[in-house]
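The values are calculated or read from the model by the stated rules, or taken from the named source; none is laboratory data. Since the model is a prediction, treat every value here as computed from it, not as a measurement. Ideal geometry is used to build each Cβ from the backbone, glycine not excepted, and the neighbour counts take in all protein chains shown. Just the protein is used for accessible areas: all its heavy atoms, side chains included, with ligands, DNA and RNA removed. Shrake-Rupley method; radii C 1.70, N 1.55, O 1.52, S 1.80 Å.
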Amino acid sequence: MAAQKDLCDAIVIGAGIQGCFTAYHLAKHRKRVILLEQFFLPHSRGSSHGQSRIIRRAYPEDFYTQMMDECYQIWAQLEHEAGTQLHRQTGLLLLGMKENSELKTIQATLSRQGVEHQCLSAEELKQRFPNVLLARGEVGVLDKSGGVLYADKALRALQDAIRHLGGLVCDGEKVMEIKPGFPVTVKSTAGSYQAKSLVITAGPWTNQLLRPLGIELPLQTLRINVCYWREKVPGSYGVSQAFPCFLGLGLSPAPHHIYGLPSGEYPGLMKVCYHHGNNVDPEERDCPEAFSDIQDVQILGRFVRDHLPDLEPKPALLEPCLYTNTPDEHFILDRHPKYDNVVIGAGFSGHGFKLSPVVGKILYELSMKLTPSYDLTPFRMSRFPGLGKAHL
């Protein structure tokens, strides 16, 4: 693309789900927006690819559960505008030991926030979901509003909507330089752009863009193995059997969460994953030796064998995905401490997709200097000491 002639309202760097929703909200409010993406779309290099994600209200923290109310509304609105199904309600089954503190906290949050849910004893679980085996002392909580988001369709719908609303989506354009100030100048491999504000939603590449601007966020990039397991009888864990999404909290043998979605995206295969991974350089993500972490897959295999007996206990398919985690696994939604027209959305820690409609709205509000719709205390970068302010 040639050099831009006039000043636009905002440039958004990174066309994952957070950047797309940010550009969508800007374009909806008749702002002139350019969305820059270093890879050609669609791509599978970041955190927003693949066919499915879990949507849920079940969270230990009230603030996420509250944000999810508006997220469900915006997802439904996008679905209506796109004229294509982006969401399927399946319910979300939380599994854990009866005394598990996180399970108790989530249950209390759901009750406090008036979210419809059901506590299921081991006996009730056995009746409802006979193909889930429980260890002694394990119980369930069913968040009835839980379900599946069709991730790749959602990204396509948003990119189409941004273009339809007059925004520019420029893929295959890697950002080479950001010159802060007013206006902010962004130079890419294909051109130079100027805008009143800049929003950075660059996932694992965030710090590469921020270091020249004097800060470095405490972000850790993890490679996750997204595993698919073959059903012994096709469809037995499928949506047609009313099988829900599930989230296992502290279940043996896994120190981290294990989650699963009903079979569907690949016929006869169920997605069951470990919510944890290993440090990786995002540029090296596709290296064969870096691809499969045997230990994590072994943990999953034991979980599948012990809890989901109608699946083959060896994965049929593995796909890599990147998480960009903060130390507390809460997002960073904030302005640059020196350049207040540079806004940062980062550290979505493997649970940001469902919340992206509201995250995009917040980043739009910050970029336009509007009062944010939500209390951003949990998301400020100042909660992390030593962000390189000495460089500023």
Q.
It is to be established whether one or more residues within the range 33-55 are within 22 Å of the chain's Cα centre (by Cα), crowded, with 19+ Cβ neighbours inside 10 Å, farther than 24 Å from I344 by Cβ and modelled with pLDDT of 95 or more.
A. yes
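Any chance you could count how many residues in the range 85-109 are assigned to a strand (DSSP E or B) and either basic (K, R) or crowded, with 20+ Cβ neighbours inside 10 Å (or both)?
Going through the range 85-109 one residue at a time, the tally reaches 6.
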Q | Cross-chain or 6+ apart pairs with Cβ under 7 Å, the range 209-233 first and in contact (Cβ under 8 Å) with a residue 24 or more places away in the chain and among the polar types (S, T, N, Q), then part of a loop (DSSP other than H, G, I, E, B) and surrounded by fewer than 21 Cβ atoms within 10 Å (Cβ to Cβ) | A | N225/S292; N225/D293
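Hey, among the residues in the range 136-167 that are within 23 Å of L41 (Cα to Cα) and without any contact (Cβ under 8 Å) to a residue 24 or more places away in the chain, which one's surrounded by the fewest Cβ atoms within 10 Å (Cβ to Cβ)?
Among residues in the range 136-167 that are within 23 Å of L41 (Cα to Cα) and without any contact (Cβ under 8 Å) to a residue 24 or more places away in the chain, the one surrounded by the fewest Cβ atoms within 10 Å (Cβ to Cβ) is H164.
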Q | Positions within the range 247-272 being open to solvent by less than 10 Å² (accessible area, probe 1.4 Å) and at pLDDT 95 or above, in sequence order | A | G248, L249, I258, G260, L261, M270, V272
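How many residues are aliphatic (A, V, I, L, M), within 23 Å of D293 (Cα to Cα) and over 14 Å from the mean Cα position of the chain (by Cα) if we restrict to the range 315-363?
Going residue by residue through the range 315-363, those that are aliphatic (A, V, I, L, M) are 316-318, 322, 332-333, 342-344, 346, 355, 358-359, 362-363.
If we keep only those that are within 23 Å of D293 (Cα to Cα) too, we end up with 316-318, 322.
Those still in the list that are over 14 Å from the mean Cα position of the chain (by Cα) too: 316-318.
Within the range 315-363, residues that are aliphatic (A, V, I, L, M), within 23 Å of D293 (Cα to Cα) and over 14 Å from the mean Cα position of the chain (by Cα) number 3.
Going residue by residue through the range 60-67, is there one that turns out to be of a type outside the set (S, T, Y), at pLDDT 95 or above, at positive phi and surrounded by fewer than 16 Cβ atoms within 10 Å (Cβ to Cβ)? It would help to see each step written out before you state the result.
First, pick out the residues of the range 60-67 that are of a type outside the set (S, T, Y): 60-63, 66-67.
If we keep only those that are at pLDDT 95 or above as well, we get 60-63, 66-67.
Checking which are at positive phi leaves us with none.
Scanning the range 60-67, I find no residue that is of a type outside the set (S, T, Y), at pLDDT 95 or above, at positive phi and surrounded by fewer than 16 Cβ atoms within 10 Å (Cβ to Cβ), so the answer is no.
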Q) Out of all the residues in the range 168-197, which are crowded, with 18+ Cβ neighbours inside 10 Å, closer than 23 Å to P42 by Cα and among the aliphatic types (A, V, I, L, M)? A) L168, V169, V175, V186
Q) Looking at (1) at positive phi; (2) touching a helix residue (DSSP H, G or I) at 6+ places or on another chain (Cβ under 9 Å), which is the only condition K369 fails? A) (2)
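Sort through L103, L110 and tell me the only one that's more than 30 Å from D160 (Cα to Cα), touching a residue at least 40 places away in the same chain (Cβ under 8 Å) and in contact with a helix residue (DSSP H, G or I) (Cβ under 9 Å, 6 or more places away or on another chain). Even if it seems obvious, please write down each step before you answer.
Values: L103 fails: in contact with a helix residue (DSSP H, G or I) (Cβ under 9 Å, 6 or more places away or on another chain).
Exactly one of L103, L110 is more than 30 Å from D160 (Cα to Cα), touching a residue at least 40 places away in the same chain (Cβ under 8 Å) and in contact with a helix residue (DSSP H, G or I) (Cβ under 9 Å, 6 or more places away or on another chain), namely L110.
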Q: Hey, could you check the range 279-319 for residues that are in contact with a helix residue (DSSP H, G or I) (Cβ under 9 Å, 6 or more places away or on another chain) and at pLDDT 95 or above and say which is farthest from R136 (Cα to Cα)?
A: P315
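Are any residues in the range 110-131 open to solvent by 30 Å² or more (accessible area, probe 1.4 Å) and assigned to a strand (DSSP E or B), and if so, which ones? Before you say what the answer is, go through the steps one by one.
First, the residues of the range 110-131 that are open to solvent by 30 Å² or more (accessible area, probe 1.4 Å): 111-114, 116-119, 121-124, 126-128, 130.
Listed by number, the residues that qualify are H117, Q118, C119.
Conditions tested, residue by residue: (1) at pLDDT 95 or above; (2) among the basic types (K, R); (3) surrounded by fewer than 21 Cβ atoms within 10 Å (Cβ to Cβ).
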position: S356; (1), (2), (3): yes, no, no
position: L363; (1), (2), (3): yes, no, no
position: S367; (1), (2), (3): yes, no, no
position: L370; (1), (2), (3): yes, no, yes
position: Y374; (1), (2), (3): yes, no, yes
position: R383; (1), (2), (3): yes, yes, yes
position: K389; (1), (2), (3): no, yes, yes
Q. Which one of these does L322 not meet: (1) modelled with pLDDT of 95 or more; (2) open to solvent by less than 30 Å² (accessible area, probe 1.4 Å)?
A. (1)
Q: Report, by residue number, each residue of the range 132-187 that is in a loop (DSSP other than H, G, I, E, B) and more than 30 Å from F246 (Cβ to Cβ).
A: L165, G166, G167, D171, G172, E173, K174, P180, G181, F182, P183
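If we only count strands (runs of 3 or more DSSP E) wholly inside the range 266-381, which ones have 1 or more residues that are closer than 22 Å to P253 by Cβ?
Answer list for the range 266-381: 269-274, 311-325.
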